[in-house]
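See structure below.
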Amino acid sequence: MIRRTLFTGAAFAALFHAHTLATPEPAAGYATALFYTHPNNDLLVSYDWDKSGNIYYQTSVESAFGGFYRFAGGSTNLLVSGNPMLFAGASVAGVGNFVYFNNSDFAGRQLIYKFGPLDSAATVTQISMAPNYGLYGHDGDLFITGGVGSGANGIYQSALNISGNLVSNPPISLGATSGGASGPLAFDAAGNLFYAPGYGDKSIYRWTAAQVGSAMLDPLNAALGISGQHWVDYSALYPLQTGATSMLVQANGDLLVTITDFTNLSYLARFGTALDGSYEGIHENILTDSSLLGQLREYAGGLYVSSNNSIYEIIPEPGAYWLLFFGIGTLFLRRASTPFLSRAIILLGILSAVGGAQAGPYSSYSGVTPGAPDNPIARSQFTLFENSVVNYSPSPGVGLNFRAYQTGITSLGELYSPVAASGANTPFDRRFQPQAGSEPNAGHNGSTSSPFGGDIHDSADSYGFIGVDLPGSITLGFSAPIYNGAGADFAVFENGFAFGGSTSLFAEFAYVEVSSNGHDFARFASISLNTAPTATAGAFQGFDVTNVYNLAGKSSANWGTPFDLAGLVSDPLVLSGLLDLSSVNYIRLVDVVGSGTILDGANSIAGISRDSLGNPILDNWLTYDSAGFDYLGLSAHSIGVVYSAPEPTSALLFAIGCTAFASGRRRRK
């Protein structure tokens, strides 16, 4: 299951040393969060995500192939059973519409399989018996490292056809490498290739994108060789370790490598890369583990590594020193002699926490939109959700069939127009207020024997409609506080569906608000740039969600819209201490009245129909039964939690800063 319980190197080192290191131990400045655990103790060898956010992985049972699995929708499914007559492979790699994995048999045959196509009836098929150890996707091709027996190892490549099969089978040999075993490779953003041979050669080699391209075009005359391509020798840094098992290149060009051993500690190391691509001589350890560190992956902005039967997220803590500084700075504000100094310290704190405004373009309703700051998160990534409904206040007009928040879809509801319309059933903002004597549905909040009386301001109308009431809302509680971690801290799910274009959704939006005490709520700033629907069919309308930011409901079913508490660091409630971003206990969803102009002018009620820039928010503005944002119910859940426990490092550093300052004052007395 997925679980993100934060372990920091400084605060919990003593706890983990009480046992044999059961989890990777982060160095100072980093933390690890347990992300996924396989249901039994089989070794999780390699894993990858598909384009829909599902995890695929293979396991090993004492070197035998333990099975090929998929984690999706909160459950783990066995796709290929384990086989004691097969050796476990070393790789799982998602490429396009297929996922690839490998294993081998006692006859020395090395087998590559595909699983897919992922968008239809997926099946597992063996596609090659070419020499292979590692499988890597790059630019839609499959790159392979491997060798036969104890002979020379090589780097191979094949394009993939629409059926997911190798165009070149056996794959094209791009050149021979050194080492008694095959090791990992990785590409940087420019297409330069890094390779670590593994056992027998504690080196990393690098070829330029041009050299790789030449080898692919003319493998006979332009093959990749190791002469002149040596990048770094790490034997002196890791004399007891056997070799590299996985690597990836970060966005800044630095190389991350897992360096492992069967009897000694394993490490996740970072090697700095200079602007010209050379090793710049900067090196650090990020993790230490008594077990074999496995596959490194990046997904949705996060960094992950496998160890034993689990996957861990690696979280940098760049704010630690800032927290120490502001622990002192907060007390110093009380003694600051100039308003300028006070404002400067506050401004610096805000800028360091926010890290800049979240500009567009914004994400689509599912998957990954390159460059978007708000890519949705697949439901399969969560196992921790809200556990209570603290308050449900639907707008009048929500049908009785859509109020069962314990078990089913629960609508928040919207407003009928409180603006007097001339004549019965006169259009207002693309929709109608109810006609006197009407009863839209027998399951409505009212009854057929008590139809609408015609007065939208009549609070005693047994039809259940108060025209000037506020939009519906729901407040949700959690088993443990949510806190401000790295990136998104929670995600909100709704049941929207694609309608009207490749980035358009039948959308029902809601504002998102958070609170520590259940009384004072801070609302996330939002943006909506739509001026018209992309399509209309009867009561249905589609809206381009790439024009929408920080509104719940912009993602389709099973994709959660992410929210980062860091965006509230300068909110007045935070600055006053009424909202503690390390202890958020409540989330409130407030329906957006998406008419675009309702309640403007003389009938204005603030905060129900416009974004933080003053733009009108458009969505499907229906006014009865299942209208408005739909809460999915406690049984299905609408809030997926990323960070669910307080981070002791932050509090400790702040306390240390305050204590140091106070101690200094006592000494000066």
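The values are calculated or read from the model by the stated rules, or taken from the named source; none is laboratory data. Note that the structure is a prediction, hence the values are computed from the model and not measured. Note that we place each Cβ from the backbone using ideal geometry, even for glycine, and neighbour counts take in every protein chain shown. Please note that ligands, DNA and RNA were not included when accessible areas were found on the heavy atoms of the full protein model with its side chains. Shrake-Rupley method; radii C 1.70, N 1.55, O 1.52, S 1.80 Å.
Could you calculate the contour length gain from residue 121 to residue 575, that is, 0.36 nm times the residue separation minus the distance between their Cα atoms, to one decimal place in nm?
158.1 nm
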Using a 1.4 Å probe on the protein heavy atoms, what percent of the accessible area of the range 25-174 belongs to carbon and sulfur? 52
Place a point 7 Å from the Cα of residue 139 along the Cα-to-Cβ direction; which residues of the range 174-216 have their backbone N under 13 Å from it? 187-193, 208-216
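With every protein chain left in place, what is the accessible area per residue of the range 205-303 in square angstrom, probe 1.4 Å? Spell out each step's value before the answer.
On the way: 4470 Å² over 99 residues.
On a per-residue basis, 45 Å².
Would you work out the charge dipole size for the range 30-123 about its Cα centre, treating the Cβ of every Lys and Arg as +1 and the Cβ of every Asp and Glu as -1, and quote it to the nearest 20 debye? Write down the numbers at each step before the final one.
On the way: 4 positive and 6 negative charges, 27 e Å.
So the dipole magnitude of the range 30-123 works out to roughly 120 debye.
Net charge around residue 495, counting only other residues with Cβ within less than 12 Å of its Cβ (Lys, Arg = +1; Asp, Glu = -1)? If you can, show how the numbers build up before the last one.
Values: positive: 379; negative: 494, 508, 630.
Result for the local shell: -2.
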Output wanted: per-residue J couplings in Hz (rounded whole) for the range 518-535, from phi through Karplus 6.51 cos²θ - 1.76 cosθ + 1.60, θ = phi - 60°, x for Gly and Pro. x, 10, 9, 10, 9, 9, 5, 5, 9, 9, 9, 10, 6, 10, 6, x, 7, 7
On a C-alpha basis, how far is the centre of the range 264-320 from the centre of the range 500-558 in Å? Whole number, if you could? 36
